[in-house]
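Structure first, commentary second.
The values are calculated or read from the model by the stated rules, or taken from the named source; none is laboratory data. Here the structure is a predicted model, which means the values were calculated and not measured. Methodologically, a virtual Cβ is constructed for each residue, glycine included, from the backbone with ideal geometry; neighbour enumeration extends over all protein chains shown.
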Amino acid sequence: MKPNWFVAFPVAADTWFAPLVQNCPEACRVFADSDLHLTLAFFGALEQDAVDRVRAFLPSIQAPRLHFRFDHVLLLPPTKRFSAVCLGLGEGREAVAATMAEWRNVLAEVAGIAAETRAPLPHVTIARPMRKYKQQAQTAAAAWAEQLQPPEQRLTLDRLALYTWSDQRPRVQFRIDREVPLSRNEPT
């Protein structure tokens with residue numbers, strides 16, 4: 001199976017993440033600190049030449065540093081069998097969504113894949129129900145998500161990275177292949 005690739009903003013776990021997930025049910029897999037990210041463009045499996053094009057293009061992205069706060073918990077996809085417990089953005093959501101809209105289809109073109117047609121949905125996945133526990137994981141994750149209080153800390157997106165699967169799965173889901181700082185001036 002070929003690994004998936006995506007471009008995302010790494011999200012620093014700082015002091016907010018460990019307390020948030022400390023009571024995560026055993027039927028769920030908490031993301032490692034290094035796995036926290038906010039996806040800009042998802043590609044799926046790519047041929048090496050497409051990976052090389054995206055890797056080379058990454059420094060060309062002129063996006064500002066972005067600031068945000070989480071304000072709600074969501075289960076994605078929003079169906080009976082969701083696969084992710086996520087934090088949605090409140091403050092800063094519009095600026096992040098606008099940056100996603102500006103760059104994700106440019107990146108899709110660079111990668112040689114179809115453009116994204118859905119509206120941007122800025123979020124950070126924090127855990128996934130484990131398939132081996134089937135419905136028990138879904139029930140436990142949904143109950144846990146209901147009682148979660150999003151952290152109040154203001155976070156900054158100041159880097160952009162090309163990610164793929166980690167060799168340490170399932171303990172660490174992803175690895176950064178290339179990372180660049182965001183250098184464009186912040187919006188005033």
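Looking at 84, 114, 119, can you tell me which residue is small (Gly, Ala, Ser), within 15 Å of residue 6 (Cα to Cα) and free of Cβ contacts under 8 Å to residues at least 60 places away in the same chain?
114
Restricting attention to region 149-163, does a residue exist that is in contact (Cβ under 8 Å) with a residue 24 or more places away in the chain, more than 18 Å from residue 42 (Cβ to Cβ), hydroxyl-bearing (Ser, Thr, Tyr) and surrounded by 13 or more Cβ atoms within 10 Å (Cβ to Cβ)?
Yes: one or more hits.
Restricting to region 4-14, name every residue that is part of a loop (DSSP other than H, G, I, E, B) and modelled with pLDDT of 95 or more. Working first, answer last.
Residues of region 4-14 that are part of a loop (DSSP other than H, G, I, E, B), as a first pass: 11-14.
Those that are part of a loop (DSSP other than H, G, I, E, B) and modelled with pLDDT of 95 or more: 11, 12, 13.
For residue 115, are the conditions met, namely being surrounded by fewer than 18 Cβ atoms within 10 Å (Cβ to Cβ) and in contact with a Pro (Cβ under 8 Å, 6 or more places away or on another chain)?
no
Among the residues of region 128-151, is any among the hydroxyl-bearing types (Ser, Thr, Tyr) and in contact with a strand residue (DSSP E or B) (Cβ under 7 Å, 6 or more places away or on another chain)? Explain how you work it out, then say what you get.
Narrowing region 128-151 to residues among the hydroxyl-bearing types (Ser, Thr, Tyr): 133, 139.
Still in the running and in contact with a strand residue (DSSP E or B) (Cβ under 7 Å, 6 or more places away or on another chain): none.
No: zero hits.
Scan region 80-94 residue by residue and report those that are hydrophobic (A, V, I, L, M, F, W, C) and either under 14 Å from residue 124 (Cβ atoms) or surrounded by fewer than 16 Cβ atoms within 10 Å (Cβ to Cβ) (or both).
84, 85, 86, 87, 89
Name the pairs whose Cβ atoms lie under 8 Å apart, with the first residue in region 16-30 and touching a residue at least 24 places away in the same chain (Cβ under 8 Å) and within 19 Å of residue 136 (Cβ to Cβ), the second of a type in the set (Ser, Thr, Tyr) and in a helix (DSSP H, G or I), and 6 or more positions between them or separate chains?
Cβ pairs passing all conditions: 27/133.
Need the failing condition index for residue 21 against (1) of a type outside the set (Gly, Ala, Ser); (2) within 24 Å of residue 178 (Cα to Cα); (3) modelled with pLDDT of 95 or more, just the number.
Only one criterion is unmet by residue 21, namely (2).
Looking at (1) over 17 Å from residue 89 (Cα atoms); (2) in contact with an Asp or Glu (Cβ under 9 Å, 6 or more places away or on another chain); (3) surrounded by 18 or more Cβ atoms within 10 Å (Cβ to Cβ); (4) not aromatic (Phe, Trp, Tyr), can you tell me which one residue 130 breaks?
Failing condition for residue 130: (3).
Note down all Cβ pairs under 8 Å where the first residue falls in region 33-50 and is over 19 Å from residue 105 (Cα atoms), the second is at pLDDT 95 or above and aromatic (Phe, Trp, Tyr), and they're at least six residues apart or on different chains.
33/17; 34/174; 35/174; 36/17
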